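Following: one structure in structure tokens, then a few remarks.
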Amino acid sequence: MSPLTEILRDEIRRAGPISFRRFMEAALYDPVHGYYRRAHDPFGKQGDFYTAEQIQPVFGILMAARIRALYQEMGAPPDFTVVELGAGRREMAAAFSEWRYVPVDLAHGEMPERFRGVVFANEFFDALPVDAVAFRDGGYREMRVAWDDRFVWAAAPPAREEVVDYLRRYFPPPAEGALFEVNLDALAWLERIAHAMEAGFVFTIDYGYTRAESVRFPRGALMSYRRHHADEDVLCDPGAKDITAHVSFTALEEHGAHLGLQTVRFETLAQTLLAAGEPDQFAAALAASTPEEELRRRLQLKSLLFGMGETFRTLLQKAGGARAAK
Ligand SMILES: C[S@@+](CC[C@H](N)C(=O)[O-])C[C@H]1O[C@@H](n2cnc3c(N)ncnc32)[C@H](O)[C@@H]1O
């Protein structure tokens, strides 16, 4: 039995079933045993999953091209800053080096108190701990985690008011038995961004759904990943594998609008990549000193466009628009 399994089991024995949010937070971010805190590298071929950020240099060149267009739209301010949330291995550092780049992750980096520029978040919101909720007997109920020789889902008390409020706002009326994830931390992060950003854009890349699309996930959209295999048993082996939850783009858009972050574009990652490559027909991204390197870059572009491009989506929100329009 892993140390984290023991810790959580003992906690449940002492105080009863724990919230899924607590379980996911410990599984991913326990300071010693959490998946993202342990001395191992989850990314890439030897790890558990790839993100688009590992597809360098092509992903970096194309994202920098998109951000350059935003920088120019803002009048090229000298203090333009790119804050990356959940910067992981800082794969984007070279691509964003023409601006002040602030990588923020758990162990390092802080969002500046006040800045102009872009917040870039690739697979950040899907990694935040969520509440799990079921709609049963006509009411929203919090799903908890109990122990019965292994972690199991437990009978659920009524969900907290803020959780119910989130579900009413961002999801359609529920069907009996439906499961949901509620990402209150995502809303809190948007609030921090809106507070800190004087002017600029929030550039989010993630997988998720809108309000209308959420009905395609009647069992919720929690998933875990180990060694490039996805499995739905998120309660087994906490700390040993990644856990993610699809992002509600409706929540990001509507809470963002409430905070003055207006949606500018919402599209597939493939559309974002095509827009980035269009001005020079991908020449900058594919320019290489050897034929081997050019072939490598062409393959990178192909896996970005056709592998990830349709699964991931980009949400671009603009801050400071209301003030600028006055
Ligand atoms: C799925 S990884 C993505 C990493 C990188 N953006 C990429 O695409 O390769 C999610 C990252 O978000 C970070 N993270 C999660 N919660 C965070 C928080 N509250 N503050 C800062 N970083 C956080 C994790 O440590 C992890 O590095």
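Each value in this text was obtained by applying a stated rule to the coordinates, not by laboratory testing. This one's a predicted model, so the numbers in the text were calculated from it and none came from an experiment. Here the Cβ positions follow ideal geometry from the backbone for every residue, glycine too, while neighbour counts run over all protein chains shown.
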With +1 on the Cβ of every Lys and Arg and -1 on the Cβ of every Asp and Glu, and nothing else charged, how large is the dipole of the stretch 94-172 about its Cα centre, in debye rounded to the nearest 20? 220
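Using DSSP, restrict attention to beta bridges with both residues in the stretch 161-306 and report what percent are antiparallel, rounded to the nearest 5. List each step's numbers first, then the result.
Numbers: 7 of 10 bridges.
Counting DSSP beta bridges with both partners in the stretch 161-306, the antiparallel share is about 70 percent.
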If you count the DSSP beta bridges with both ends in the chain, what percent of them are antiparallel, to the nearest 5? 60
Taking a label point 7 Å from the Cα of I7 along the Cα→Cβ vector, which residues of the stretch 130-165 have an amide N closer than 16 Å to it? none
Using packing as a proxy for protection, rank 9-19, 115-125 so that the peptide with the highest average count of other Cβ atoms within 10 Å comes first. 115-125, 9-19
Rg and Dmax of the stretch 176-239, Cα atoms, in Å? 15.7, 44
Measuring from the longest principal axis of the C-alpha atoms of the chain, the long axis of helix 184-196 (C-alpha) lies at a number of degrees, nearest 10, equal to 40
Which stretch or stretches of the stretch 120-146 have amide N atoms under 14 Å from the point lying 7 Å from R219's Cα along the Cα→Cβ direction? none
Efficiency by 1/(1 + (r/R0)^6): what FRET value for R89 and D165, r their Cβ-Cβ distance, R0 = 30 Å, to the nearest 0.05? 0.25
For the pair V264/H40, report the inter-label distance in nm, with labels modelled 7 Å from Cα in the Cβ direction. 4.0
State the volume of the convex hull built on the alpha-carbon positions of the stretch 1-109, expressed per residue in Å³ and rounded to an integer. 134
Normalized C-alpha radius of gyration of the stretch 225-326, against 2.2 N^0.38 Å? 1.48
Two-site FRET efficiency, Q54 against D137, from Cβ-Cβ distance with R₀ of 35 Å, rounded to 0.05: 0.20
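As a footprinting exposure proxy, order S303, S248 by other Cβ within 10 Å, with the fewest listed first. Let's see the in-between values first.
Working: S303 15, S248 30.
Going from least to most buried by this count: S303, S248.
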Modelling each spin label as a point 7 Å along the Cα-to-Cβ direction, I'd like the R14/A257 distance in nm, to one decimal. 4.5
State the Kirkwood hydrodynamic radius of the stretch 149-289 in Å, one decimal place, computed from all pairs of distinct Cα atoms. 18.0
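How many Å³ per residue does the convex hull of the Cα positions in the stretch 51-140 occupy? List each step's numbers first, then the result.
Details: hull volume 13.3 nm³, N = 90.
Cα convex hull per residue, to the nearest whole number: 148 Å³.
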Two-site label geometry, A146 and Q281: point separation in nm, points 7 Å out along Cα→Cβ: 6.5
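If you take the alpha carbon radius of gyration of the chain and divide it by 2.2 N^0.38 Å, what ratio comes out, to two decimals?
Numbers: Rg = 20.5 Å, N = 326, 2.2 N^0.38 = 19.8 Å.
The chain yields a ratio of 1.03.
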Taking Cα atoms, how many degrees apart are the long axis of helix 249-258 and the longest axis of the chain, rounded to 10 and kept between 0 and 90? 70
